[in-house]
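See structure below.
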């Protein structure tokens, strides 16, 4: 027997798969993922050089916020089109 939680999870995953079929959305998400890889690389570097390069962390944080804001903005625009 499948629980309600399992059914809801299946439905959720199907909705995500359907959303990703939208080419533009898929491109935006892939772009977001690539940019997040860059952020993680910077964070790794900074964590090794924490005291010497604390200013770099501020720049990386600004980049992270910009990337997330771009994705949120795009997703909100998609919502308004529905």
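The values are calculated or read from the model by the stated rules, or taken from the named source; none is laboratory data. This is a predicted model, so every value here is computed, not measured. For neighbour counting, all protein chains shown are included, and Cβ atoms are generated from backbone atoms with ideal geometry for every residue, glycine included.
For the reader, a short list of remarks on this structure follows.
- Whenever a residue of segment 22-45 is free of Cβ contacts under 8 Å to residues at least 24 places away in the same chain, its partners that are surrounded by 12 or more Cβ atoms within 10 Å (Cβ to Cβ) and not in a helix (DSSP H, G or I), lying with C-beta atoms within less than 8 angstrom and at least six residues away or across chains, give the pairs 45/53.
This table checks each residue for (1) assigned to a helix (DSSP H, G or I); (2) touching a helix residue (DSSP H, G or I) at 6+ places or on another chain (Cβ under 8 Å); (3) at pLDDT 90 or above.
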position: 13; (1), (2), (3): yes, no, no
position: 24; (1), (2), (3): yes, no, no
position: 36; (1), (2), (3): yes, yes, yes
position: 44; (1), (2), (3): yes, no, no
position: 47; (1), (2), (3): yes, no, no
position: 57; (1), (2), (3): yes, yes, no
position: 67; (1), (2), (3): yes, yes, yes
position: 71; (1), (2), (3): yes, yes, yes
